[in-house]
Amino acid sequence: MDLNEKFMKEALRTARDAGRRGEVPVGAALVLEGRVLARAGNATLARRDPTAHAEVVALRRGARRLGNHRLTGATLYVTLEPCLMCLGAMVQARIHRCVFGARDPKVRASSLFRLPRLRRGLNHRFEIAGGVLEKGCAGLLQSFFKERRKGRREAGGTALTRPRGPRRLRAS
């Protein structure tokens, strides 16, 4: 087993934990000098925080552990292709590399991130590689959403499988 697979398996473990908590099962492992510095799964529901994606939480934990907001030389392994917010956080953290598992056909953020016009405007660039343990990463997400849809159908079409958000305020 190569190192990419080894560390992606760490990210998959945290993704499974997130799924068991009812979160979308995405996991991340931040690696520096061959050791896992931080792990995290999605926590947007538990924290009621739209920025609590696995990647962002792992970067925050890693920065706290290092005592530095710059994670120079670090590689972030994540089970799903990162969104633009997470890619932006990686730029700010100055990571060296991002390795992801499953591709996100709706977002394709890593492809967008590679556009020369966009890259010129960035103050930091890093390598992006995808498809590591792709079938396992994609399968975990597919199973999760299949179960969620099944639960909604059995409940008569309501979203009982996740906590309700705050109510919207009406303008008077």
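Ordering 142-153, 30-41, 91-102 by mean Cβ neighbour count within 10 Å, with the highest value first, yields 91-102, 30-41, 142-153.
Since only LEU80, ALA11, THR44 are under comparison, the one whose Cα sits farthest along the positive direction of the charge dipole of segment 1-80, derived from C-beta charges on Lys, Arg, Asp and Glu, is THR44.
Calculated accessible area for segment 1-75 comes out at 52 Å² per residue, all protein chains present (probe 1.4 Å; ligands, DNA, RNA ignored). Element breakdown for segment 26-97 at a 1.4 angstrom probe: carbon and sulfur atoms account for 50% of the accessible area. Any lysines with Cα under 21 Å of the LYS6 Cα? List them, leaving off those in the same chain fewer than 8 positions away. Leaving aside lysines fewer than 8 places away in the same chain, those within reach of LYS6 are LYS135. The orientation-averaged projection of the convex hull spanning the C-alpha atoms of segment 41-95 amounts to 3.7 square nanometres.
The values are calculated or read from the model by the stated rules, or taken from the named source; none is laboratory data. None of the values given here were measured: they were computed from a predicted structure. No Cβ is skipped: glycine too gets one built from the backbone with ideal geometry, and neighbour counts run over all protein chains shown. We work out accessible area using only protein heavy atoms, side chains counted, and drop any ligands, DNA or RNA first. Shrake-Rupley method; radii C 1.70, N 1.55, O 1.52, S 1.80 Å.
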